[in-house]
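Every read-out reported here was derived from the displayed coordinates using simple, explicitly stated rules and does not represent laboratory data. No experiment lies behind these values; they were computed from the predicted model shown. Neighbour counts run over all protein chains shown; Cβ positions are idealised from the backbone, glycine included.
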Amino acid sequence: MSDARRSSRARGGPRAAAPRRSSGRSEASAESEGAGEGAAGAVFAALADPTRRRVVRALTQRPTVTASALAGELPITRQAVAKHLSALADAGLVSAEHEGRETRYRLTPDPLTDAMRWMATAGAQWDERLARLERRLARDSQR
Amino acid sequence: MAIEDQAVRRELMLAVDRERAWAALCDPHELATWLADEVELEIDEGAEGVLRWDTGEERLVTVEEVQESRRISLRWREPGGEPTIVELTLDDVPGGTRLIVVEMPALALDAAYGPIELPSGDRWGPRMAMAAPA
């Protein structure tokens, strides 16, 4: 699969769907923390739906898949599958590749990494804040 | 990935009673000793303000909900960033008070539960700490 493939990932997507390719570059280099947080929000929103999480799980099991094949595996119609794939594409989690009359979908997990990074950063910040709170209240109770 | 997996969630046992713990959450001077380095915010529903850290970081804050001695919900964001919802909840437990902190992107919360329109025109989601496992 060459990099010249057409991708619909950036089509009409929100800020999370910056036209960043999943292949070739592992670092999300010039992105600010703020942009990363925005992407995390879109990713979490996309994955809030249980059916979409099943679609993502199905996509992790093979390089590419068609909407029809997915509809055969999941208890939903092909149209519903297409809708979920489009929502995932808007969050930058899925890219569409057109081969002749067929559209094949591929998981592009970079935004997931961004979301995980947001969780790690926000979690570490709370750990620091809560340690300060604990120390403060401990001082109080010793008085 | 359930909703609670998409949130940062922390639990802390505080060796003080709930009244003392509440003071640490709702008094700006107290907040400036642990939450941020500089607190320009009153903990009143609808209040807006700014938190600053010595690192140069800054968050613009809206107080979404205040339940006296029980819960504070904030919506905050870095300038130009996406908002997240922060919920601080206190519970009585033997020997002290339990503080539960939940933070998650506002977008994810709205998607999971759908926003609620408040009479003020603001939108608000669910009780996150309630949704998370005890």
Exercise for review: Please note which helices (runs of 4 or more DSSP H) are completely contained in segment A:45-143 and include at least 2 residues that are in contact with a helix residue (DSSP H, G or I) (Cβ under 6 Å, 6 or more places away or on another chain) and at the interface with another protein chain (Cβ under 9 Å from one of its Cβ atoms).
Suggested key: A:110-142
**Study point:** Selection within segment A:100-141 - of a type in the set (F, W, Y) and either in contact with a Leu (Cβ under 6 Å, 6 or more places away or on another chain) or touching a residue at least 60 places away in the same chain (Cβ under 8 Å) (or both)
**Key:** A:Y105, A:W118
Exercise for review: Please report, ordered by residue number, the strands (runs of 3 or more DSSP E) entirely within segment B:1-86 with at least 2 residues that are of a type outside the set (D, E) and touching a Phe, Trp or Tyr at 6+ places or on another chain (Cβ under 7 Å).
Suggested key: B:8-14, B:58-67
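Per-residue answers, yes or no, for (1) under 23 Å from A:A42 (Cβ atoms); (2) touching a Gly at 6+ places or on another chain (Cβ under 7 Å); (3) more than 14 Å from every other protein chain (Cβ to nearest Cβ):
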position: B:A36; (1), (2), (3): no, no, no
position: B:R52; (1), (2), (3): no, no, no
position: B:R59; (1), (2), (3): yes, no, no
position: B:Q67; (1), (2), (3): no, no, yes
position: B:R71; (1), (2), (3): no, no, yes
position: B:P83; (1), (2), (3): yes, no, no
position: B:L90; (1), (2), (3): no, no, no
position: B:V93; (1), (2), (3): no, no, yes
